[in-house]
Amino acid sequence: MKVAVLGAGAIGAYVGAALHRAGADVHLIARGPHLAAMRQHGVRVHSPRGDFTAHAHATDDPADVGPVDYVFLGLKATSYAACGPLIEPLLHETTAVIAAQNGIPWWYFHRHGGPHDGRRLESVDPHGQVSAVLAPERAIGCVVYAATELEAPGVVRHLEGTRFSIGEPDRSLSARCRAFSAAMQAGGLKCPVETDLRNDIWLKLLGNISFNPISALARATMRQMCHHHGTRRVIHTMMEETLAVAAALGCHPGITIERRLAGAEKVGDHRTSTLQDLEAGKPLELDVLLTAVIELAALTHTPTPTLTTVHALSDLLAHRTAA
């Protein structure tokens, strides 16, 4: 099995290291000091489950890699439309693309079935620019339940969780999913193949859609948001509205809001990825987290007054940050 990790940051390098440990032919595509460190010392993983080092091939030029069986996409969703020159050298006729993204993916309605089958969401695939680069037929969905961070160039700190749920848009248990799952498990990770990954997407989105924009607007940690009575109430309402949109599309994540809030509270003074991006001056990945759900709410005629208000405020913040 030949795998390219395009965007081998904290999550991508962690997955690549695990697959390399399992015997896969892994190629890490990165840049800068992180790339230089991986070339010299390999990917060094520090984890409560045991430290290890993986000396996978690392490069900044996908042409050095050539076509692969799987591309594990570790880029931010905001980079998808522009990643054509990077991903094209990695593709052959049956290459699968596994996108480890938060929020609503560009392929959401691909082989969905029902009245919205094949519909393109403007918020996550504007003018079809993402689909033109990442054909939905190649897509294998992936929901990440692992937390990692780059402690230093070439050094991944694994904090918690090893689950990477994957699934086909058409809900089939495909051979390509089963093969990738087996390789991930051989590398020490959990990788269940879900018959309807969309439920997992909404389960994780329940937290991302509320905590991420609020954290950026308030510059607050998970603990601070959960402990502030008024903010906690706003987040609870956002989650209620999100579950209503999911239900209108036939998805039921199977978790109570109080349980989701309790889980978030246990995380402590963690800064969400959106807050970290804001502080680093990077683009805010809000289209797939919030804007897409507003679009889906309009599509299904589901009222979302609180989500709409928070979207307006966070959209202004995102535009001011970009400027």
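Eight or more residues apart or on different chains, and alpha-carbon atoms under 17 Å: count the Lys pairs in the chain matching that. Show your work: numbers first, answer last.
Numbers: LYS76/LYS204; LYS76/LYS282; LYS190/LYS204; LYS204/LYS266.
The result is 4.
Within the chain, antiparallel bridges make up roughly 30 percent of the DSSP beta bridges whose residues both belong there.
With a ≥ b ≥ c taken as the square roots of the eigenvalues of the C-alpha gyration tensor of segment 132-216, please select rounded if a/c is under 1.5 and otherwise prolate if a/b is larger than b/c or oblate if it is not? Walk me through the numbers on the way to the answer.
Numbers: a/c = 1.78, a/b = 1.22, b/c = 1.46.
Because a/c hits 1.5 or more and a/b fails to exceed b/c, segment 132-216 counts as oblate.
Computed from Cα atoms, the angle from the helix 197-218 axis to the main principal axis of the chain rounds to 70 degrees. What segment 88-200 shows is 41 Å² of accessible area per residue, with the surface traced by a 1.4 Å probe over protein heavy atoms. Relative contact order of segment 210-323: 38 percent, from C-alpha pairs under 8 Å at least 6 residues apart in sequence.
Counting every C-alpha pair in segment 167-298, the share spaced more than 27 angstrom apart comes to 30%. Computing FRET efficiency as 1/(1 + (r/R0)^6) for TYR145 and ALA323, where r is the C-beta to C-beta distance and R0 is 35 Å, gives about 0.50.
Just the number, please: Stokes-Einstein D of segment 8-82 in µm²/s, Kirkwood Rh from C-alpha pairs, 4 °C, 1.567 mPa s. Could you put the intermediate results ahead of the total?
Details: Rh = 12.8 Å.
Calculated translational D: 101 µm²/s.
Need one word for segment 226-294: rounded, prolate or oblate. Basis is the Cα gyration tensor (sqrt eigenvalues a ≥ b ≥ c); a/c below 1.5 gives rounded, then a/b vs b/c decides. Intermediate results must be reported in sequence, preceding the final value.
Values: a/c = 2.10, a/b = 1.20, b/c = 1.75.
In terms of gyration-tensor shape, oblate.
The calculated 222 nm mean residue ellipticity attributable to helices in the chain amounts to -13000 deg cm²/dmol, summing -39500 (n - 2.57) over DSSP H runs of n ≥ 4 and dividing by all residues. When Rg/Rh (Cα atoms, Kirkwood Rh) is computed from the coordinates, the matching label among (1) 0.95; (2) 1.01; (3) 0.98 is (1). Would you work out the relative contact order for the chain, in percent, from Cα pairs under 8 angstrom that are 6 or more residues apart? For the chain, the relative contact order is 16 percent.
Taking the accessible area of the chain, probe 1.4 Å, and keeping the other protein chains in place, the carbon and sulfur fraction comes to 52%.
The values are calculated or read from the model by the stated rules, or taken from the named source; none is laboratory data. A quick note: this is a predicted structure, and the numbers were derived from the prediction, not measured. In this analysis, Cβ positions are derived from the backbone assuming ideal geometry, glycine residues included, and neighbour counts consider all displayed protein chains. Keep in mind that these areas ignore ligands, DNA and RNA; they rest on the heavy atoms of the full protein, side chains included. Shrake-Rupley method; radii C 1.70, N 1.55, O 1.52, S 1.80 Å.
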